[in-house]
Amino acid sequence: MAADRSLDIHALPGRLRIAIEIRLHRQGWIAPCGWLLVLAAALVWLQLPFAERRLADQHTGVPHGGQPTVASAAGTMAPDSNAARLARLYTLLDQAGDRQANLRQVFDIAEAEGWDIAEADYTVSAKDGLVRLRILLPLQGSYPEIRALAEALLRGRPNLSLDDIGFKRDSSQADSLHATLKLSLWSRAGQGLGRGQKP
């Protein structure tokens, strides 16, 4: 074993060789093996973020620093462009039907959930070919009832979004809450209301 050790360090410069021989003589091979283990652990620790990122990329299909990918007609993966996402959005909005019918559904669902909504405020805005009908619904009831209504309105309606919900209680002992549901009903510019109709 001593002959092998001298062969390993024989080619080193004098002082370095002597220092290594003294250290090996005092501590044997335990210290170098320990340092090698520490170095190996450090290398593994440094590789963990890259391994986690690769694993996340495999699950989401989104390369790190890249764009989401979608399967093309040929079965290969292609970058998901803004144009493709906009086309899918337009398809969803086309399938949802016109705004007037969707607005009627909002009030039909509210009635089915036991709400008699006497008033609502509306604001219409348009941008980039999309029309946004903002609906403000004032409600009064218990928290579970208000939440159930919000969930029922949003269920299966990708063209309806809940923008905000605010609660106010008259007192800490009051069972009933005053709530304001702020919804947005989205449609394409060509899916407007009929002539002379109000939202």
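Figures for the structure shown
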{"quantity": "Candidate set: region 85-101, residues that are modelled with pLDDT of 80 or more and surrounded by 15 or more Cβ atoms within 10 Å (Cβ to Cβ); chosen: the one farthest from Leu133 (Cα to Cα)", "calculated": "Gln100"}
{"quantity": "Residue ID - modelled with the highest pLDDT, chosen from residues in region 102-130 that are more than 29 Å from Pro144 (Cβ to Cβ), of a type outside the set (S, T, N, Q) and loosely packed, with under 11 Cβ neighbours inside 10 Å", "calculated": "Lys127"}
{"quantity": "Subset of region 165-191 (residues that are more than 20 Å from Ala148 (Cβ to Cβ) and basic (Lys, Arg))", "calculated": "Arg188"}
{"quantity": "Verdict on Ala40 being at pLDDT 55 or above, in a helix (DSSP H, G or I), within 30 Å of Ala148 (Cα to Cα) and not acidic (Asp, Glu)", "calculated": "no"}
{"quantity": "Which numbered condition Ala179 misses (of (1) in contact with a Leu (Cβ under 6 Å, 6 or more places away or on another chain); (2) loosely packed, with under 13 Cβ neighbours inside 10 Å; (3) small (Gly, Ala, Ser))", "calculated": "(2)"}
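Listed here are the residues, each with its yes/no results for (1) over 15 Å from Thr180 (Cβ atoms); (2) charged (D, E, K, R).
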| site | (1), (2) |
| --- | --- |
| Arg104 | yes, yes |
| Ile117 | no, no |
| Ala150 | no, no |
| Leu160 | yes, no |
| Phe167 | no, no |
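The values are calculated or read from the model by the stated rules, or taken from the named source; none is laboratory data. Keep in mind the model is a prediction, meaning the values are calculated, not measured. Neighbour counts run over all protein chains shown; Cβ positions are idealised from the backbone, glycine included.
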